[in-house]
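What follows is a set of notes on a single structure, which appears directly below.
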Protein chains: 2
Amino acid sequence: MEYDINDFKNPLFTVDSVLFTVKDEQLKVLMVKRSNEPFSGRWGLPGGFVDVDRDDTTDMTALRKLKEKTGAKPQYLEQLQVFSGISRDPRGFSVTLVYFALIAEQEVSSRIDTVDEAQWIGINQIESLAVAFDHKLIIKQAQERLQQKTLYSMIPVYCLPEYFTVGQLKSVIETIIGKTIQRKSLIRRIEAADMFETVDEKVKSGGRLAQLYKVKEGVDIVNFERNLSGA
Amino acid sequence: MEYDINDFKNPLFTVDSVLFTVKDEQLKVLMVKRSNEPFSGRWGLPGGFVDVDRDDTTDMTALRKLKEKTGAKPQYLEQLQVFSGISRDPRGFSVTLVYFALIAEQEVSSRIDTVDEAQWIGINQIESLAVAFDHKLIIKQAQERLQQKTLYSMIPVYCLPEYFTVGQLKSVIETIIGKTIQRKSLIRRIEAADMFETVDEKVKSGGRLAQLYKVKEGVDIVNFERNLSGA
DNA sequence: GATTAAAAGTGTCACTGAGACACAATATTA
DNA sequence: TAATATTGTGTCTCAGTGACACTTTTAATC
């Protein structure tokens, strides 16, 4: 019941990424202005074809393409989902593996500012933008996944620089889920997660000096057993 | 920065499924004995190439392949993950989109019994089986996902026939997560989820007659805000 | 028919972690 | 020095799970 490879038209396979960051209290997505067909002139997600000579896995394809656009490696990367279909690409049946990535805005700001091919687009502006393929839908799904994960894990730290304060993390979380959370709840989770350590340094923040935290070496994302509700 | 399709060797793209069921208090996976190279004679996951003339999406590829082996459509189907790499298939760089599916054992028992090409293999026997590709790893990941989802949703109902009792659901859940749960907790969740309705019929079960339940029409899986801990 | 065993189903208290919010501590600024 | 802003703590409430005793309803056995 196995077939010879050549019996079939192999579908078009690409790797795209939804790279999020939080900047100016807004969730942003990295979009690239397309200069080739199809959808030339429209905005699309950064991505492209696997280069089997350079990529050991599709993860590397995603990272390579992101590096081309941002000059940096995202702090978090996971698979979102595969989108496939006969009609999503005019060239024929296509399959896109979409990754979902996070990075601190500071890591890439210089590069992005000088290249006008790639831009951070506010999540709310996506709706009214000329977007290629089904990338609008893909971004929506990625946003939902990010919001969901934010309720039971600490992934939003990957939108922050190495050292960060509770206040910054709180702000990023609130931006992502679009609701306010209790500072106290966040602190409890920071302690319970045991994935952060305090840095012997404090930073000014408009009031009392804030304690700096960093992610411990080699720790994985902790999943909590309850969701935040976000009032 | 876009490339012509023909510049690249398109990687080998296949769709496989990890179809689970619970039978005799054991979690089982549908495995197929391979009759073609590579790995002829070994056991592998049901799957194959996309047929762009018959499949509108990769979901249909997965369903079509499962139907070939079991004669039935799984009650639950979702994407698990893509597995890719230069060395997982001797034919070259390969990409496999793996689905994760559930079905009631009763739906397919007759078919499976008559075909010796496809078999339900107990999850604990996989380790010592001659398995093709990286399918052992894939099954392990699928099992973890199933266990995780079982803690915060009711997906295990899709391992049961249309009408089922609380006792049956409890047993299936316990088999999946490998721990006992409180009957009371399960009943509370059944009520809170609001995705089941009682059937005006009871069934004998060795003691007091048990209330039959069924999944309401058109409802989606409900995700709870807390995990079960399973003592 | 009475007795026992087995599973279904209920009542309720304890425990855990999030929500809410008051309050204390420490910085800046006027 | 006082006002203000933000950090950080103390603690009560609330919701949902865990635990477990207890009741109900059936089949099986005597």
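Pairing residues of segment A:83-99 that are closer than 24 Å to A:LEU66 by Cβ with residues that are part of a loop (DSSP other than H, G, I, E, B) and among the charged types (D, E, K, R), at Cβ distances under 6 Å and at least 6 apart in sequence or on separate chains, gives A:ARG88/A:ASP134; A:SER94/A:ARG88.
Quick grid of which residues meet (1) surrounded by 18 or more Cβ atoms within 10 Å (Cβ to Cβ); (2) touching a helix residue (DSSP H, G or I) at 6+ places or on another chain (Cβ under 9 Å):
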| site | (1), (2) |
| --- | --- |
| A:ILE138 | yes, no |
| A:GLN143 | yes, yes |
| A:THR150 | yes, yes |
| A:GLU191 | no, no |
| A:ASP194 | no, no |
| A:VAL203 | no, no |
| A:GLY207 | no, no |
| A:PHE224 | no, yes |
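Against the test of being modelled with pLDDT of 95 or more and under 17 Å from the mean Cα position of the chain (by Cα), the options A:ILE177, A:ILE187, A:ILE181 yield a single qualifying residue, A:ILE177. Please give the number of the condition A:GLU217 fails out of (1) more than 26 Å from A:ILE123 (Cβ to Cβ); (2) surrounded by fewer than 14 Cβ atoms within 10 Å (Cβ to Cβ); (3) within 13 Å of DNA strand D (Cβ to nearest atom). Tallying (1) more than 26 Å from A:ILE123 (Cβ to Cβ); (2) surrounded by fewer than 14 Cβ atoms within 10 Å (Cβ to Cβ); (3) within 13 Å of DNA strand D (Cβ to nearest atom), A:GLU217 fails exactly one: (3). Residues in segment B:152-166 include none that are exposed (fewer than 13 other Cβ atoms within 10 Å of the Cβ), away from DNA strand D (no atom under 13 Å from the Cβ) and away from chain A (no Cβ under 14 Å).
Inspect segment A:32-39 for any residue being under 15 Å from the mean Cα position of the chain (by Cα), within 27 Å of A:LEU169 (Cα to Cα) and in the same structural domain as A:ILE103 (by TED's automatic domain parsing) and give the result as yes or no. Taking every residue of segment A:32-39 in turn, none turns out to be under 15 Å from the mean Cα position of the chain (by Cα), within 27 Å of A:LEU169 (Cα to Cα) and in the same structural domain as A:ILE103 (by TED's automatic domain parsing).
Taking segment A:89-114, which residues are part of a loop (DSSP other than H, G, I, E, B), surrounded by 14 or more Cβ atoms within 10 Å (Cβ to Cβ) and facing chain B (nearest Cβ under 9 Å)? Please lay out each step first, then the result.
If we filter segment A:89-114 for residues that are part of a loop (DSSP other than H, G, I, E, B), which is where we start, we get A:89-93, A:103-104.
From what is left, the residues that are surrounded by 14 or more Cβ atoms within 10 Å (Cβ to Cβ) are A:89, A:93, A:103-104.
If the condition is that a residue be part of a loop (DSSP other than H, G, I, E, B), surrounded by 14 or more Cβ atoms within 10 Å (Cβ to Cβ) and facing chain B (nearest Cβ under 9 Å), then A:PHE93 is the only one that fits.
Identify, please: which residue in segment A:12-27 is part of a strand (DSSP E or B) and more than 14 Å from chain B (Cβ to nearest Cβ) and is, among those, surrounded by the fewest Cβ atoms within 10 Å (Cβ to Cβ)? First the steps, then the outcome.
Narrowing segment A:12-27 to residues part of a strand (DSSP E or B): A:12-23, A:26-27.
Within this subset, residues satisfying the condition of being more than 14 Å from chain B (Cβ to nearest Cβ) are A:18-23, A:26-27.
On the way: A:VAL18: 25, A:LEU19: 29, A:PHE20: 26, A:THR21: 27, A:VAL22: 22, A:LYS23: 16, A:GLN26: 14, A:LEU27: 21.
Ranking the candidates gives A:GLN26 first.
In this structure, B:THR175 qualifies as surrounded by 13 or more Cβ atoms within 10 Å (Cβ to Cβ), outside the structural domain of B:SER35 (by TED's automatic domain parsing) and under 27 Å from B:LYS67 (Cα atoms).
Answer yes if at least one residue in segment B:75-93 is touching a Pro at 6+ places or on another chain (Cβ under 8 Å) and among the aliphatic types (A, V, I, L, M), and no otherwise. Before you say what the answer is, go through the steps one by one.
Restricting attention to segment B:75-93, the residues satisfying the condition of being touching a Pro at 6+ places or on another chain (Cβ under 8 Å) are B:84, B:89-93.
Checking which are among the aliphatic types (A, V, I, L, M) leaves us with none.
Scanning segment B:75-93 turns up no residue that is touching a Pro at 6+ places or on another chain (Cβ under 8 Å) and among the aliphatic types (A, V, I, L, M).
Applying the set (1) touching a residue at least 60 places away in the same chain (Cβ under 8 Å); (2) within 11 Å of DNA strand C (Cβ to nearest atom) to B:ASN223 leaves exactly one unmet item: (2).
Taking first residues from segment B:189-216 that are free of Cβ contacts under 8 Å to residues at least 40 places away in the same chain and of a type outside the set (Asp, Glu) and partners that are outside any strand (DSSP E or B) and surrounded by fewer than 16 Cβ atoms within 10 Å (Cβ to Cβ), the Cβ contacts under 6 Å between residues at least 6 apart in sequence or on separate chains come to B:ALA193/B:VAL222; B:VAL199/B:TYR163; B:LYS202/B:LEU209.
The values are calculated or read from the model by the stated rules, or taken from the named source; none is laboratory data. The structure displayed is predicted, hence computed values, not measured ones. Positions of Cβ are backbone-derived with ideal geometry, glycine not excepted, and every protein chain shown enters the neighbour counts.
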